[in-house]
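Presented below is the structure to which this report refers.
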Amino acid sequence: MNPEQLRSVALFATLNGAELDQLATSFSQREFPAGTVVFREGDPSDFFSILLGGEVEIVEALGTPEERLLAVLGAGDFLGEMGLFDPHGQRSASARTRSA
């Protein structure tokens with residue numbers, strides 16, 4: 001990942017160039033088609049993501065009559081941050097791509 005892409009994310013905006021360079025090596029880039037479930041509620045919270053483009057829906061009770069849209073995230077937003085604090089925890093909601 002390009003360190004300048006990280007700089008555009010509010011969470012990392014105050015890091016210096018060397019810190020961004022080091023952090024950028026920890027990320028890999030992936031693409032998903034629209035409608036892809038990135039992770040499900042209850043899955044292990046074992047990765048963190050930054051959206052470079054497209055939109056992702058954060059949903060509770062995915063695929064049930066109680067399904068509820070919690071948020072729509074776009075470029076520059078991040079998801080899965082709870083896993084950074086509790087890497088042995090579980091996802092509290094599902095993430096589904098709204099667009100590619």
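Around Ala61, under 9 Å between beta carbons, what's the net of Lys plus Arg minus Asp minus Glu among the other residues? Working shown, then result.
On the way: positive: Arg68; negative: Glu41, Glu60, Glu66, Glu67.
Neighbourhood net charge equals -3.
Which net charge results when you count Lys and Arg as +1 and Asp and Glu as -1 among the other residues whose beta-carbon is under 15 Å from that of Val72?
The answer is -2.
If DNA, RNA and ligands are ignored and the probe is 1.4 Å, what is the ranking of Arg68, Arg7, Arg96, Arg30 by accessible area, most exposed first?
Sorted by accessible area, descending: Arg30, Arg68, Arg7, Arg96.
The values are calculated or read from the model by the stated rules, or taken from the named source; none is laboratory data. None of the values given here were measured: they were computed from a predicted structure. Don't worry about glycine lacking a Cβ; one is built from the backbone with ideal geometry, like all the others, and counts go over all protein chains shown. Accessible surface is based on the protein model in full, side chains and every heavy atom, while ligands, DNA and RNA are left aside. Shrake-Rupley method; radii C 1.70, N 1.55, O 1.52, S 1.80 Å.
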